[in-house]
1. Go through the stretch 201-241 residue by residue and tally those that are assigned to a loop (DSSP other than H, G, I, E, B) and closer than 16 Å to LYS182 by Cβ.
2. Based on what the data block shows, is ALA160 over 17 Å from the mean Cα position of the chain (by Cα) and in a helix (DSSP H, G or I)?
3. Tell me, yes or no, whether the stretch 167-179 has at least one residue that is without any contact (Cβ under 8 Å) to a residue 60 or more places away in the chain, open to solvent by 30 Å² or more (accessible area, probe 1.4 Å) and farther than 27 Å from ALA144 by Cα.
4. Output the residue which, of all residues in the stretch 57-69 that are part of a loop (DSSP other than H, G, I, E, B) and closer than 26 Å to ASP175 by Cα, is farthest from the chain's Cα centre (by Cα).
5. In the stretch 57-75, which residues are out of contact with any helix residue (DSSP H, G or I) (no Cβ under 7 Å at 6 or more places or on another chain), closer than 16 Å to GLN138 by Cα and open to solvent by 10 Å² or more (accessible area, probe 1.4 Å)?
6. Taking TYR91 as the residue in question, decide whether it is open to solvent by 40 Å² or more (accessible area, probe 1.4 Å) and touching a His at 6+ places or on another chain (Cβ under 8 Å).
7. Cβ-Cβ distance below 9 Å, separation of 6 or more or different chains: which pairs start in the stretch 99-124 with a residue that is farther than 15 Å from VAL150 by Cα and touching a residue at least 60 places away in the same chain (Cβ under 8 Å) and end on one that is open to solvent by 40 Å² or more (accessible area, probe 1.4 Å) and of a type in the set (Phe, Trp, Tyr)?
8. Could you run through the stretch 196-205 and say how many residues are under 29 Å from SER255 (Cβ atoms) and open to solvent by 40 Å² or more (accessible area, probe 1.4 Å)?
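The values are calculated or read from the model by the stated rules, or taken from the named source; none is laboratory data. Computed from a prediction, not measured in an experiment: that's the story for all the values here. In this analysis, Cβ positions are derived from the backbone assuming ideal geometry, glycine residues included, and neighbour counts consider all displayed protein chains. Ligands, DNA and RNA are stripped out before the accessible areas are found, and what is left, the full protein with its side chains, is counted by its heavy atoms. Shrake-Rupley method; radii C 1.70, N 1.55, O 1.52, S 1.80 Å.
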Amino acid sequence: MAESVLKILLGFFIACIFLGVYVRHLETVNLFHPSRDVTVTPKEAGMDFEDIYFSTEDHVRLNGWLVKTPVHPEQAATLLFCHGNAGNNSYRVEKIAAFHELGVNVFIFDYRGFGKSQGRPSEKGMYTDTVSAYDYLQGRKDIAKERIFVYGASMGGVAAVDLASRRPVTALIADSTFTSAKDMARVIAPFVPTFIMKTRLDNAQKITGIKVPKLFIHSPDDATVPFYLGKKLFEMASEPKEFLKTSGSHGEGFSLSKDISLKGIKDFLDKYHLR
């Protein structure tokens, strides 16, 4: 009898190990999908830009693009753009052009392992890279240091929320993002026990302490990041906050709702005198 119990316990232990390895594998392959190929730059969209390299606090060299507004860029607000978990800067030229129309400077950067940035992507690295991008802007003499706000889309919303919890940004815009990795896992892989996950992406824990104006953008048609998770994050946030409902899928929402999104962002920035 004792031997049978021991075999059952041993089998259970081995199964737990295999499950843990499988979950780690799922986390690794699903978290980041970077591309090294830079296919287009702001120049092809008619925008002058600076091709910038800067280093993180752990000495990783990152690449970013700065597109300045033509009218008094040293006085204008600067949008720090945190993109999602796939592709690189060149996949966001349409959005850069749209934000450029708002009359703000736009600084987009590639996380480590994306585009021309060195290193390998990781959750911790993404946070470090975003803080370093903010600190780089703070070090420039031609940028209004007290007028930097952060925009993050999808996974970039996680980076943006983390930055807003660490640095004094003037505002936070979270577009099509979610509450935590565990909540997303329950959507993507409900069979996975979330207590063994290493990945956190914990917007829910950080959002309550962020006091600056916040705009949350989400589409009910989003099948990748469910609308209810975006709404839940909004509800957890403290005032002041706004919610903008758009339309379209996760990947096409901005293009399909471009006018709605830009007007919503413009109205938000004007309401809090952020432009």
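1. First, pick out the residues of the stretch 201-241 that are assigned to a loop (DSSP other than H, G, I, E, B): 201-202, 208-213, 219-226, 237-240.
Those still in the list that are closer than 16 Å to LYS182 by Cβ too: 201-202, 225-226.
So the count comes out to 4.
2. Details: over 17 Å from the mean Cα position of the chain (by Cα): no; in a helix (DSSP H, G or I): yes.
No.
3. Restricting attention to the stretch 167-179, the residues satisfying the condition of being without any contact (Cβ under 8 Å) to a residue 60 or more places away in the chain are 167-168, 172, 174, 177-179.
Retained after the next criterion (residues that are open to solvent by 30 Å² or more (accessible area, probe 1.4 Å)): 167-168.
Now drop any that are not farther than 27 Å from ALA144 by Cα, which leaves none.
No, every residue in the stretch 167-179 fails to be without any contact (Cβ under 8 Å) to a residue 60 or more places away in the chain, open to solvent by 30 Å² or more (accessible area, probe 1.4 Å) and farther than 27 Å from ALA144 by Cα.
4. Start the filter on the stretch 57-69 by keeping residues that are part of a loop (DSSP other than H, G, I, E, B), which leaves 57-60, 68-69.
After this cut, where a residue has to be closer than 26 Å to ASP175 by Cα as well, the list is 68-69.
Details: LYS68: 21, THR69: 23 Å.
Taking the candidates together, the pick is THR69.
5. Answer for the stretch 57-75, where residues must be out of contact with any helix residue (DSSP H, G or I) (no Cβ under 7 Å at 6 or more places or on another chain), closer than 16 Å to GLN138 by Cα and open to solvent by 10 Å² or more (accessible area, probe 1.4 Å): LYS68, PRO73, GLU74, GLN75.
6. Numbers: open to solvent by 40 Å² or more (accessible area, probe 1.4 Å): yes; touching a His at 6+ places or on another chain (Cβ under 8 Å): yes.
Criteria met by TYR91.
7. LYS116/TYR53
8. Selection size over the stretch 196-205: 0.
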